[in-house]
1. Which is within 26 Å of the chain's Cα centre (by Cα) and over 16 Å from residue A:187 (Cβ atoms), of A:62, A:28, A:33, A:18?
2. If residue A:258 satisfies every condition in (1) within 18 Å of residue A:459 (Cβ to Cβ); (2) within 14 Å of chain B (Cβ to nearest Cβ) but one, which is the exception?
3. Do you know which of the residues in the stretch A:371-390 that are surrounded by fewer than 21 Cβ atoms within 10 Å (Cβ to Cβ) and over 21 Å from the mean Cα position of the chain (by Cα) is nearest to residue A:308 (Cα to Cα)?
4. Report every pair of residues separated by at least 6 positions or lying on different chains whose Cβ atoms are under 6 Å apart, first residue within the stretch A:449-462 and within 13 Å of residue A:435 (Cβ to Cβ), second surrounded by fewer than 17 Cβ atoms within 10 Å (Cβ to Cβ) and at pLDDT 95 or above.
5. Kindly establish whether residue A:320 is over 23 Å from residue A:306 (Cα atoms) and within 14 Å of another protein chain (Cβ to nearest Cβ).
6. Give me a count of the residues in the stretch B:255-287 that are within 13 Å of chain A (Cβ to nearest Cβ) and more than 20 Å from residue B:69 (Cβ to Cβ).
7. May I ask you to say which residue of A:93, A:74, A:14, A:78 is surrounded by fewer than 17 Cβ atoms within 10 Å (Cβ to Cβ) and either over 26 Å from residue A:133 (Cβ atoms) or modelled with pLDDT under 95 (or both)?
8. Only residues that are in contact (Cβ under 8 Å) with a residue 12 or more places away in the chain, farther than 21 Å from residue B:243 by Cα and either more than 10 Å from chain A (Cβ to nearest Cβ) or not in a helix (DSSP H, G or I) (or both): list them for the stretch B:34-68, please.
């Protein structure tokens, strides 16, 4: 008897979130109307308009920076570390208490599956605030001094809206800085809910300011003369523009940019877990991950077996409604991103790589792309060189460890890499030779607040997370 | 690289164990060890994360009703106590045939599982109901007896009418690396089973590592076991999701190579409907839907059945009933 075990829809309720028809800017502890235009944010899974959000003008950004400066000089930089920690702990606890609300809102605005926002994003956000709260009164032991920089201008991407906010705001506040943060234009809602949480935590006005908008708003923050520190996560192109904009100024900069990580599978790897790691490496968060394992380097002798297992596994991925608790892969974040993924995939085919997509039915509305793998890819192919930032995996093979290292490092990026082998000594030797900020061994896409994260080469500079993450927000030992 | 048996999938009609596919592998202790130790390793963290991930699947409404009925049909309703009585076994057999006397649509369980001396009693009650009698044998649960005694134990159960034999492997031999001894033991028991189906119990709680579970799985499949089973229920930990995951991967890979399907039976410690559904999700997504059948997947359990019945009643009536409305085992 052949049976089919269909999983009935198991949608997480939307009732817990209250999305307002329009949102202003969060400046000096209050929500205020912007002086610029407004823009719409949509649910990428349905194309439904969720809310109108203010686009901060130069004047709005200036007001936000002024508020941050006031809060810095009058309150936050004078407060003892242990007092600052109390606020951060309070924020962390409220994030946990309102975790379900944040997770649902994140999935609605971003398109990521609720299982990821619920089990990864939000818990790691809370962990980040807890972790840096712990540092606030121990900066003496950080190795980077105890003196904050001042006002930090922070611009974050749409792939992990709240998590990137946490990576930026938690260390900045712990070190005594105040911030002006701009969330991405397609995913502003959880940052605005976070602003509400700041109010709920009684955070002094002006310590955190959230200004929404697109490129112009970001430029206004980065080039504002009273901003002491710029932190950016996003594309390499914008990162380069920011580096040019701040050149010659006294601003400190950290950039966390693109990647084209190699996930390297040796023939003695634990194959079933390696396949899970490959899937997690590229299909986690629809591949909208700067450190995604978008290049699979697999040792020739197991290549066929790995591909067979990988395709079988990909066929079980459940693509669809991000709010369904059984969804593994959600919606592409925007029409623009979908167009970019399609374009590069078509180029991959045109360049002669073999394309295979998991058999799955895609919803008719919204932005969707089936999990896809390209085989027969060479180093010369664009899909092996450019960041696709979508659920598209390029597969290359290698024969020797040296060839694997050579291919893995042959990229302008250097954010992350993965090594799969049962041999401990090989893990260590590969980690030494790979030019990547993070090297995962027999796992992939694992994030922890205690672990520094950042890139080599065009993947940016500076580290976020861990003790190293404090350096970007302190003046250093000598000053 | 996965070692490949000398001639793979060429004769799917015969069981791979009897068609000589593995002759090269089981030629000597060292060739068998080479094969088993050449199987891809298991990363403990990754394996446990995968099992936990599948455990978060949300199975509701129609799919829950489907899963509950399927789980009931997969139960080997078990009593393996020194204090078992003929009366208790008769009651258990009756319950296996009609788990919910108030609801004739409730399916029967797959089998009852008893000690060999209770087989005749169970058989008498079950008659030709279709519910099988499974007997634990080979000096269950420790497996510490001479080979001829183990075989006599099997013989005794088969003669009393057992449809299925649940044997235990010699863990001492396995852990000390005498793989061929274990292989031959299983093969001999398989022969003694005659027409009865053989389930091979590893006692995974004593094997300690997932690598060992994978090796034991291949060993038992190559030796001709019809089912591989986690535990006796007498040792903790008994069945766990990650251990069952490894075994489901093994039967899936074994079919890829030989064309033969082998069943999987987690036993011990599975007490709730929620647990059972997690196992079924794992069967569905790891081994595949072909295994979603009592011929290929079983639960070794005693208390599980009542929880399944309570949940089933809740699904149909919308209300929970107290435990007093369900028979004691």
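1. Numbers: A:62 fails: within 26 Å of the chain's Cα centre (by Cα); A:28 fails: within 26 Å of the chain's Cα centre (by Cα); A:33 fails: within 26 Å of the chain's Cα centre (by Cα).
Answer to the check: A:18.
2. (2)
3. Start the filter on the stretch A:371-390 by keeping residues that are surrounded by fewer than 21 Cβ atoms within 10 Å (Cβ to Cβ), which leaves A:375-376, A:378-382, A:385-386.
Remaining after also requiring over 21 Å from the mean Cα position of the chain (by Cα): A:375-376, A:378-382.
Details: A:375: 12, A:376: 14, A:378: 20, A:379: 22, A:380: 25, A:381: 23, A:382: 24 Å.
Among those that are surrounded by fewer than 21 Cβ atoms within 10 Å (Cβ to Cβ) and over 21 Å from the mean Cα position of the chain (by Cα), it is A:375.
4. A:457/A:412; A:458/A:412
5. Values: over 23 Å from residue A:306 (Cα atoms): yes; within 14 Å of another protein chain (Cβ to nearest Cβ): yes.
Taking the combined requirement at face value, the residue satisfies it.
6. Residues in the stretch B:255-287 being within 13 Å of chain A (Cβ to nearest Cβ) and more than 20 Å from residue B:69 (Cβ to Cβ): 5 in total.
7. Details: A:93 fails: either over 26 Å from residue A:133 (Cβ atoms) or modelled with pLDDT under 95 (or both); A:74 fails: either over 26 Å from residue A:133 (Cβ atoms) or modelled with pLDDT under 95 (or both); A:78 fails: either over 26 Å from residue A:133 (Cβ atoms) or modelled with pLDDT under 95 (or both).
One residue alone meets the criteria, A:14.
8. Answer for the stretch B:34-68, where residues must be in contact (Cβ under 8 Å) with a residue 12 or more places away in the chain, farther than 21 Å from residue B:243 by Cα and either more than 10 Å from chain A (Cβ to nearest Cβ) or not in a helix (DSSP H, G or I) (or both): B:34, B:59, B:68.
The values are calculated or read from the model by the stated rules, or taken from the named source; none is laboratory data. Just so we're clear, the structure is a prediction, and the values are computed from it rather than from any experiment. Every residue, glycine among them, receives a Cβ derived from its backbone with ideal geometry; neighbour counts consider all protein chains shown.
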